[in-house]
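Working notes, structure below.
Read-outs: derived from the displayed coordinates by stated rules, not from any lab. No experiment lies behind these values; they were computed from the predicted model shown. We place every Cβ from the backbone using ideal geometry, glycine too, and count neighbours over all the protein chains shown.
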Amino acid sequence: MKKLLPVSLLLGAIGLSMCELNAAFSTEASAAGQSASTSAADRDTRMAWWRQARFGMFIHWGLYAVPAGEYNGQRSKEIGEWIMSWANIPRAQYEQFATPFNPVKFDAASWVRTAKDAGMKYIVITSKHHDGFAMYDGAVSSYDIVDSTPFKKDPMRALADEAKRQGMTFAFYYSIMDWHHPSQYVDAPEKDPTAGHGQTKMREGRKREYVDYMKAQLRELITKYDPAVLWFDGEWVNWWTEEDGQALYAYVRSLKPGILINNRVGKGRKGMEGLSKTDRTYAGDFGTPEQQIPASGLPGVDWESCMTMNDTWGFKSYDDNWKSSQLLIRNLIDIVSKGGNYLLNVGPTAEGEIPAPSVERLAAIGKWLKVNGDAVYGTSASPFTAQLSWGRATRKPGKLYLHVFNWPADGQLEVPSFGGSIVSARLMTGASGLDVKPSASGFMITLPAQAPDPIASVIVADTRDAK
Ligand code: FHN
């Protein structure tokens, strides 16, 4: 079993004593209360880049890429990163995957380039997933990529530096549930107590130890790599409370007041629908729908839909149920037209490569955004309450972007009234104006016979917004 330094020793390693940490924690927390203001104005300032960005890359990468979905010749039907659970692999055995993990083909510049060329503005990568393996060079645990694998290098260092070099915002995913930490165990029929599972139990009297362990890891993640977002997950375990989430939120913001933290730091999330419950104030700066898109816009709510490109987050060698580029582009438009962000996932191989089908689809999205990016970045939700039959809409002050999926055969595009008026309109790809006439239900725009883009053609309408 990979050694976890006793908390006192690991604090020593990062130059803190127990009482200093608790003191630091309480002062930081209280300082957090002071320094990390929670005013609406502060929040708008912190969220501004994120609301402008609209599109990011999620990266699930870890030891689970080694088995790539298979164990003892059995192929999992579940998501690849849960192999320690569905294959009931005990901790000591799962650790063995570190021995062959040597991603020699990992190229931080090409990963960041792939995201950038796709039109993505930020990257969220798994620093530690449920299996507890740290994909960065940490002092808190030796169960990490530098101390436990032949790779011996820190890919997060390379990625953070390369992201900065290419002007890409860098961020971390971090799992609260930890199948590797000795404070937790599994209590389920036919399950090894040290295997993975949907729920872990906390050993009597060990919660503080684990919470301190998380804080020490989060401190080194934030101070060493300066992530713009902490994307928590695994918060559904019964031993984790909203109060724990509130405290962790304050702690993380005390380390970096400008950081963004998702709503999976606490217990606010309504399952996969991902938005926060409203019966009280829950910790977190934005909601996190998973593998789904809300039916309608949510005025005043910041949310980000995370999604796979096939059926797994972590790499599975045989999962080729890839979504089409058309669906992915239309998902992006649908999400932005409802005021949300899209966090689209890739699951690199154990060799360190992003699968080719992912790269191809990202390039297609990037090609579309090269032409139509103005209709996505920094836009707000559609003014139309009812779903548009021909597509979606996004908005900026004085501008309406009409994303046409179904090009009208008669060339007549019916735009419902929206409280403002359309002054003029043109194709995103065209200079010349289109004919716009008021109609009983709003406005009628005359379009050329051929759709410029079969996936989504954008009409830019200049508007005089209602006072
Ligand atoms: O269990 C995880 C899963 O492995 C993956 O990380 C997704 C991504 O949002 N979140 C959890 C399931 O909700």
- Message: Let me check against my output: what whole-number percent is the relative contact order of the chain, with C-alpha pairs under 8 Å and at least 6 apart?
- Response: 16 percent
- C-alpha long axis of helix 207-225 to longest principal axis of the chain, angle in °: 60 degrees
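On a full-extension model of 0.36 nm per residue, what is the gain between A409 and S441, subtracting their alpha-carbon distance, rounded to one decimal in nm?
On the way: separation 32, 0.36 × 32 = 11.52 nm, distance 1.94 nm.
This chain segment gains 9.6 nm when fully extended.
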- the range 77-172, relative contact order in percent, only Cα pairs under 8 angstrom and at least six apart counted: 30 percent
- 0 to 90° range, to nearest 10: angle between helix 40-53 axis and the chain longest Cα axis: 70 degrees
- Expressed as a whole-number percentage, the relative contact order of the range 149-217 with C-alpha contacts under 8 angstrom and at least six residues apart is 22 percent
- Item | Extension gain from S424 to W390, taking 0.36 nm per residue of separation minus the Cα-Cα distance | 10.3 nm
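Most exposed first by the Cβ proxy, i.e. fewest other Cβ within 10 Å, how do T126, T278 rank? Don't skip to the answer; put the middle values down first.
On the way: T126 28, T278 9.
Arranged by neighbour count, lowest to highest, T126, T278 become T278, T126.
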- Task: Would you mind listing how long the chain runs along its three principal axes, going by Cα atoms, in whole Å with the largest first?
- Result: 73, 53, 44
- Message: Run the paramagnetic zone check for R75: 7 angstrom along Cα to Cβ, then residues of the range 287-322 with backbone nitrogen under 16 Å.
- Response: 310-312, 315-322
- Item | Exposed-loop-free span, longest in the chain, where GluC sites (Glu not before Pro) count as exposed if DSSP calls them loop and at most 11 other C-beta atoms lie within 10 Å | 205-467
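Filter K116/K270; K399/K437; K77/K267; K164/K338; K164/K267; K201/K316 down to the pairs with a C-alpha to C-alpha distance above 25 Å, please. It would help to have the intermediate numbers written out before the result.
Working: K116/K270 32 Å; K399/K437 17 Å; K77/K267 28 Å; K164/K338 30 Å; K164/K267 32 Å; K201/K316 28 Å.
Beyond 25 Å: K116/K270; K77/K267; K164/K338; K164/K267; K201/K316.
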- Pairing the Cα long axis of helix 108-117 with the longest principal axis of the chain, what angle in degrees results, from 0 to 90 and rounded to the nearest 10? 20 degrees
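When a footprinting reagent is the concern and you count Cβ atoms within 10 Å, what order do H197, H130 take, fewest first?
H197, H130
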